[in-house]
Each structure stands twice: as C-alpha cells, then as structure tokens.
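Everything on this sheet refers to the single structure shown next.
The values are calculated or read from the model by the stated rules, or taken from the named source; none is laboratory data. Source: prediction; values computed, not measured. Glycine also receives a Cβ, built like all others from the backbone with ideal geometry; neighbour counts cover every protein chain displayed. Accessible surface is based on the protein model in full, side chains and every heavy atom, while ligands, DNA and RNA are left aside. Shrake-Rupley method; radii C 1.70, N 1.55, O 1.52, S 1.80 Å.
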Amino acid sequence: EWFDAKGFMEFDAPILVLAPLYDDRTAMGVNIHGQDAFLSQCAGFYLEAAAMAFERVYNMGPSFRGEESRSKRHLKEYWHIKAELAFGDRDDIIGLVEELITFLYLRVSEDCAEELDFIGARLRQHEFSAPFERITYEDAVQYVRTKGSDTKLGEGISTSDEEELAQLFTGPFWVMGIPRNVEPFPYVIDEDNPTVTKVADLIAPRGYGELCGVAEKIFDPQMLEERMKEKGKDGDPRYKFVEDVHNAGCVPHIAFGMGLERLLRWLIDVPHVRDTI
C-alpha cells in the first residue's frame, strides 16, 4: 500500500542468479544442468536495471546468505524488502525509509491490535521518533575505541560496537558512510572522503542491530570499473549485464534494503528473529 501510494512499480526479480552481490563464498550455490548458479543474495542488480526504465521499483522476495551465524538476528533465508529509484541522493533515501517505518508503525498500531494482544506483544513506544539521529562512521569508530573496542578505521562495526553506540541515542540511529573495503562494489564513493561509500545503516539499540541499509548507487561507468577492480570482479563475464546498464544512459539512483523479520522483531520486541518468521 505504501509503495503504491509513493508511485513505485512492483518488479519480480529472479531468485536463481548467476552473479552474487558479494562473493561466491557467502552465497548459496546450486548447480543447474552443469552450470553453477546461486540463490539470490539481493535483487539490486535487477532493480537497478528496472529503475532506468520505470524510475521507482520495489521487490519483496526471499534472499539467501551462506554465512554461518547463530545470532538472534541472522537468518540464512529471509524476506527482503528492496527498492530503487532514479534521481536522488542519500538524504532522499534516508527520508523515504523513515517515512516507510513511520507508516508501518502507525498502520500496525491501528490495524493489528487483536494480533498483538494474542501474541502478548506491544509496539515499542519510547524508541520511535523519526527523523532518526545520525553519526558518521569515523566518529562511531573513534567513540567505541574510547570504550575499549579494537575496531580500526576501514573495518566494519561489530555487534558490541553497535551496542556501545546505542548508549548515545534514545532510539534507532544512522551510521553514515560505510568503508569502501567492506561494502560491495555498486555503491558510490564519497567524494569528500574516498575511504567510505555513500551508504548509511540504520541501527536499533538493545541488540536488535541493523534494520536497514541505504545507498547512492554508482552510475558513472569509470567509477564502476574502479570498484569492480577493487572487488576482483573486473572482467568477470557474469557481471557484464551490470556494466551494460551503466554504459547505456545510466542516471543517478538510490536504493534501500530491509529485512522484514528483523524489522518486525524490533517493532514488537520479540526475543529471536526466528520467532518472527
């Protein structure tokens, strides 16, 4: 309902794919008639192409991650809410995500009182106030290091780091500018700080972790080539169609990705992400 009201077109992306977003090691591989393929990690490559034609597109479907994890917030298969839109910057996509979460919060409280009562859940009251606060990645690392973390600039922020940072905020917060060496290649390099990408992660406190990621996507073929070389994908024929999109009149575009089960776990405060499936 929200996507329709905002002018997005639903786009069904494939689940069996040849090109994983991250790398072969973190994807679930399958073999089809002798050809190696993967279960989709993300619909982004396909939404990116569709956004060039339809401007605003979204997909809600399963994604698969091959990493081993036994945390309360990770699943190997989860329902992935993805959207891409042409023309915009990181602030635009952050604002759009905050609109979506606000809409969901209000609609669940209005329409799902009976279900919430049945499962003994309540919508959290004191952690929800959009717009959410922000902290730069550099400031985040500097702060957690003062608290004893050994995380260095250029490394991803750990779960314990997120918990430490959460003490600074009353609710979810954005970490702005994720390092280029931990993010996959499709995201724009920050011209003001080339060590990071124009990405932001929305982190929820009290162990709920990342709820959503947003990004400005690369549209310049030269930057795409640079990033693909960094990630060892330059010349890989599986990504030729991604290069074709960028060489055929690609425009600035933005995207977000959100795990439905994680969002629901935070929204109604349930112990484990498996309880939300």
What's the angle, to the nearest 10 degrees (0 to 90), between helix 44-54's Cα axis and the longest principal axis of the chain?
80 degrees
Keeping all protein chains in the complex and leaving out DNA, RNA and ligands, what accessible area do you get for Thr170 with a 1.4 Å probe, in Å² to the nearest 10?
110 Å²
Can you work out the Karplus-derived ³J(HN,Hα) for every residue in region 69-81? Use 6.51 cos²θ - 1.76 cosθ + 1.60 with θ = phi - 60°, whole Hz, and x for glycine or proline.
8, 10, 6, 7, 10, 10, 9, 6, 10, 8, 8, 10, 9
Which of these values of Rg and Dmax of the Cα atoms in Å was calculated from the structure shown: (1) 19.9, 68; (2) 18.7, 55; (3) 17.7, 50?
(2)
Descending accessible area (1.4 Å probe), largest on the left, turns His272, His74, His253 into His74, His272, His253
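Summing -39500 (n - 2.57) over the DSSP H runs of n ≥ 4 in the chain and dividing by its residue number, what mean residue ellipticity at 222 nm do you reach, to the nearest 500 deg cm²/dmol?
Details: 9 runs with 88 residues, N = 277.
That comes out to -9500 deg cm²/dmol.
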Rounded if a/c is under 1.5, else prolate if a/b is larger than b/c, else oblate: which is region 1-129, with a ≥ b ≥ c the root eigenvalues of its Cα gyration tensor?
oblate
Karplus (6.51, -1.76, 1.60) ³J(HN,Hα), θ = phi - 60°, over region 197-214, in Hz, Gly and Pro reported as x:
9, 7, 10, 9, 10, 8, 10, 9, x, 6, x, 7, x, 5, 9, 6, x, 10
Over region 11-68, what is the relative contact order in whole percent, taking alpha-carbon pairs under 8 Å and six or more residues apart?
42 percent
In whole Hz and in residue order, list the ³J(HN,Hα) couplings for region 168-184 that follow from phi through the Karplus curve 6.51 cos²θ - 1.76 cosθ + 1.60, θ = phi - 60°; x for Gly and Pro.
7, 10, 8, x, x, 9, 8, 9, 9, x, 8, x, 5, 7, 10, 9, x
Please report, to two decimal places, log10 I(q)/I(0) for region 103-155 at q = 0.18 Å⁻¹ as given by the Debye formula with identical point scatterers on the Cα atoms and no solvent.
-0.70
Order Ser40, Ser69, Ser129, Ser149, most accessible first, counting only protein heavy atoms with a 1.4 angstrom probe.
Ser129, Ser69, Ser149, Ser40
Nearest-10 value in Å² for the accessible area of Ile189, using the 1.4 Å probe:
20 Å²
Determine the relative contact order of region 20-103: mean sequence separation of Cα pairs under 8 Å and six or more apart, normalised by residue count, in whole percent.
26 percent
Take every Cα pair under 8 Å in the chain that's 6+ residues apart, average their separations, divide by the length, and report that relative contact order as a whole percent.
20 percent
Would you tally the net charge around Leu116, using a Cβ to Cβ cut-off of less than 13 Å, leaving Leu116 out, and scoring K and R as +1, D and E as -1?
-3
Hey, can you grab everything whose amide H is under 5 Å from the amide H of Val196? Only 5+ residues off in sequence or another chain; H modelled, so Pro and N-termini drop out.
Arg180, Asp190
Area of Arg145 that stays accessible when all protein chains are in place (1.4 Å probe, Å², to 10):
120 Å²
For Lys217, which lysines qualify as cross-link partners when the Cα separation must be under 28 Å and same-chain residues fewer than eight apart are set aside?
Lys6, Lys76, Lys82, Lys152, Lys198, Lys229, Lys231, Lys233, Lys240
Ranked by accessible surface with a 1.4 Å probe, highest first, in what order do Lys217, Lys147 come?
Lys147, Lys217
Convex hull of Cα atoms in region 122-239, direction-averaged projection (nm²)
8.9 nm²
Once amide hydrogens are built 1.01 Å from N within the peptide plane, the residues lying 5 or more places from Leu211 or on another chain with amide H under 5 Å from its amide H are Leu202, Ile203, Ala204
